[in-house]
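One structure is given here, and the rest of the page talks about it.
The values are calculated or read from the model by the stated rules, or taken from the named source; none is laboratory data. Just so it is clear, the structure is predicted and the values come from calculations on it, not from any experiment. Counting neighbours? That spans all protein chains shown, and the Cβs are built from the backbone with ideal geometry, glycine included. Keep in mind that these areas ignore ligands, DNA and RNA; they rest on the heavy atoms of the full protein, side chains included. Shrake-Rupley method; radii C 1.70, N 1.55, O 1.52, S 1.80 Å.
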Amino acid sequence: TQRLVLESLSGEPLRVSSVPWGDGTARGQMMTSEVVGPAWSAVQDGTISIIMGDGKHYEVGISAGNTLSDVAKALADIPGLWAGERPDGSIAVASDNTEPFSFEASGSAVDLFGVARKSQTVEDSKDINRMGLSSFLGLEVNRKSTFFAPGSVIGDTTANKLDMVLSSGENSVRLVIQDDSDLTLSELADRIKAVAGDWLEVVVQKDSPESNVTDTTSQDSEGASERLVIYTKDGSPLNVYDKEGSWSQTLGLNTARYTSDLSNVEFPTAISAEIPAKIGVEIGNSTYEVKLYRDDVIASDGVHIDPRSFALAVQKQVGSDKLNFDLINSDSGVVFYSATGEPLRIYDLPYADPSLGGITSGLASETGLQTGIIGDWVSAATVTGVESSFVIATEGRELSVRVGPSETLADVAEKLKALAGSWIDVSLMSDGTGNLRLGLSAKDGSPLSIYDVEGTPSRLFKVDTDVRLNAGTWAGNTGVLSISVDGYSDDIDLRGASTLSEIADLVNARFGNGDVEAKVVDNMGTEELVFYSPGGKVLTVTPPAGINVVSGPVSPRRGESTGPYNQGVVTRSAANQREEDVFALLDDLAKAVERGSVDIISDSFLPKLDQAIDDALRARALGGALQRRYEAARSRLETDNIAFTEQYSKIMDVDIAEAAMEFQTSQMVYQATLATIAKVVQPTLVDYLS
């Protein structure tokens, strides 16, 4: 496995984000002729005088009988020009020079370009490139929403209240909107700016519609779109979640993991009520094994889970400096989010007892916290009946899994642990009534895509994420294929494509951003076209007439119930954090010196070294003061100990000489008393007789 690591050599917070491709800059010149029809030919001689942007002149002669193809070839011979015939019966001429060129025509050339014509500047539109490289690599820290048509209504807050929290360190705002029946993305951006003040940057990025500029008859198109981008100005982590409802999830801005309504979730007791449920919580590079005992998280009814107790039990074992939570939806649920902005992943862990066959409590899945794929329940006895196979893929890895005719979901789970245990966490859940379901979560946080190659095993076990087509009665070279994903739609003209493999090539060329990928599989002698999203997004495929939908046309959700994703995904809003001491600072300084980064050394490291020296002096002063107080306290305690010992001795110890004298005195007093009494009380004869 390879992983890209970016480090801040200056020790300053690191922000990585994709930027728009281009900035409305000129990328060339283009001119199109009149549409004269494919059968056009010159009826008389003529000329085309070309004046290039640099002042150079060229002349192209046209002879009677020349076709559009002949004229285009002659123009293409001019240095710096490209020319080609278009299917609609016209000629397109282009140049990568930013300075315009012009034509002056005579004879039959006037039919094409008129007497004179000047090129138009082709601007590089501010294309927001859909996903972006940083998102593809998992380095994106800005929060970017799903796409919408420009100016479109994104929802009615009078019927569905927007209640969203945006939090970053000490800055936190709760945005509530319930008075706008036709809320747009721009209006939402303005509302966020109004409540957040100057610590948030809120931008609406727009992408212009695009079509085939060289073929006016082509049905290829990309619709115009816009999306919301939010990030903190100081680079600190930003968390966005819903206090009530699901607006941030629907918009794709969410950074948290949500539970379902816990008042309806019972603590798992399918194995034993005394055995704790185990879930894994991963934040950044730190992994925590969380054990949850029934008595610690159960509600007063003795059956269901108490949201606050559950949240506190999880946070206590992870740490409040790493994991934060909030109660949501009238305190019936919990939202967990990373305090540091690092990726948060939650998944079920198996019981330690090997006799349980890797069964997990399923608590993360039952509560809705599981990251990755959560399959639907299937009977433990379900088998494919035939030899089959399916593929599990991430953006960096792919695994083909063979399934035997008599293998059950439990058998498949064990096989996956053996084959993919190093990069996928596999959890198998039982409902105690003979049903099982499978949970899969990539250890690196990547979304998972699952599709069948032979047979229908992943569909049968309800973990598939694809849309499938077959050729049906489609004869090729006709129709339009429409694909919608993440809020935007693209149309692909299938003229020129005669096979499913050629359709797959067109799709992959169009969706180079990773939102959609297409493959052709030979499913037991029948070719099928498979569509899936490497980014874990829900996609909709609308084929042209004749092509059949095998499964779909909307990819199934395997974890997320709303929003653009078909599963629980890992998000980040800040770079991974680490504790840095003066020695780590010196290591970074050494690297900066080796690279000759003078500005970084003077602007960043020198102030930090001064701060480190001040911190060391303060630490020495504090240490000296504590030592002095300790020594003074020790001296006082020693003196007090001597005084206390002396006082104790005076009180408790016996003085022999004094005791002897007191004894003699007491004895003399006693004897004198007895003698006195003897003289006072004389005995008589009666005393003796009685």
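Table for the structure above
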| read-out | value |
| --- | --- |
| Filtered residues of region 234-277 (kept if in a strand (DSSP E or B), within 22 Å of Arg345 (Cα to Cα) and open to solvent by 30 Å² or more (accessible area, probe 1.4 Å)) | Lys243 |
| Asp490 being touching a Lys or Arg at 6+ places or on another chain (Cβ under 7 Å), part of a strand (DSSP E or B) and either among the β-branched types (Val, Ile, Thr) or buried (at least 21 other Cβ atoms within 10 Å of the Cβ) (or both) | no |
| Any hit, region 340-349, residues being of a type in the set (Lys, Arg), open to solvent by less than 10 Å² (accessible area, probe 1.4 Å) and modelled with pLDDT of 90 or more | yes |
| Residue among Phe147, Phe136 that alone is of a type in the set (Phe, Trp, Tyr), open to solvent by 70 Å² or more (accessible area, probe 1.4 Å) and within 28 Å of the chain's Cα centre (by Cα) | Phe136 |
| Cβ-Cβ under 8 Å pairs, at least 6 apart or on other chains, region 49-75 side acidic (Asp, Glu), far side assigned to a loop (DSSP other than H, G, I, E, B) | Asp54/Asn97; Asp54/Glu99 |
| Criterion (of a type in the set (A, V, I, L, M), within 26 Å of Tyr351 (Cβ to Cβ) and open to solvent by 10 Å² or more (accessible area, probe 1.4 Å)) met by exactly one of Leu409, Leu419 | Leu419 |
| Pair list, Cβ under 9 Å, 6 or more apart: region 348-362 residue part of a helix (DSSP H, G or I), other residue at pLDDT 75 or above | Leu356/Pro350 |
| Odd one out for Asp505, checked against (1) open to solvent by 10 Å² or more (accessible area, probe 1.4 Å); (2) touching a Leu at 6+ places or on another chain (Cβ under 6 Å); (3) not small (Gly, Ala, Ser) | (2) |
| Residue match in region 189-202 (condition: free of Cβ contacts under 8 Å to residues at least 60 places away in the same chain, open to solvent by less than 70 Å² (accessible area, probe 1.4 Å), farther than 18 Å from Gly341 by Cα and assigned to a loop (DSSP other than H, G, I, E, B)) | yes |
| Checklist (1) open to solvent by less than 40 Å² (accessible area, probe 1.4 Å); (2) over 30 Å from Ala442 (Cα atoms); (3) at pLDDT below 85 applied to Thr25, failing item | (1) |
| Residue check, Gly302 more than 22 Å from the chain's Cα centre (by Cα), free of Cβ contacts under 8 Å to residues at least 24 places away in the same chain and within 30 Å of Glu454 (Cβ to Cβ) | no |
| Per-region count, region 411-458, residues assigned to a loop (DSSP other than H, G, I, E, B) and farther than 13 Å from Val378 by Cα | 11 |
| Output for region 221-233, where each listed residue is touching an Asp or Glu at 6+ places or on another chain (Cβ under 6 Å), open to solvent by 20 Å² or more (accessible area, probe 1.4 Å) and either under 20 Å from Phe147 (Cβ atoms) or among the hydroxyl-bearing types (Ser, Thr, Tyr) (or both) | Ser221, Glu222, Tyr231 |
| Count - residues of region 565-584 that are at pLDDT below 75 and either touching a Pro at 6+ places or on another chain (Cβ under 6 Å) or open to solvent by less than 60 Å² (accessible area, probe 1.4 Å) (or both) | 1 |
| Residues being free of Cβ contacts under 8 Å to residues at least 40 places away in the same chain and in a loop (DSSP other than H, G, I, E, B) - total across region 397-410 | 5 |
| Sole residue being part of a helix (DSSP H, G or I), of a type outside the set (A, V, I, L, M, F, W, C), more than 60 Å from the chain's Cα centre (by Cα) and loosely packed, with under 10 Cβ neighbours inside 10 Å, chosen from Glu658, Glu662 | Glu658 |
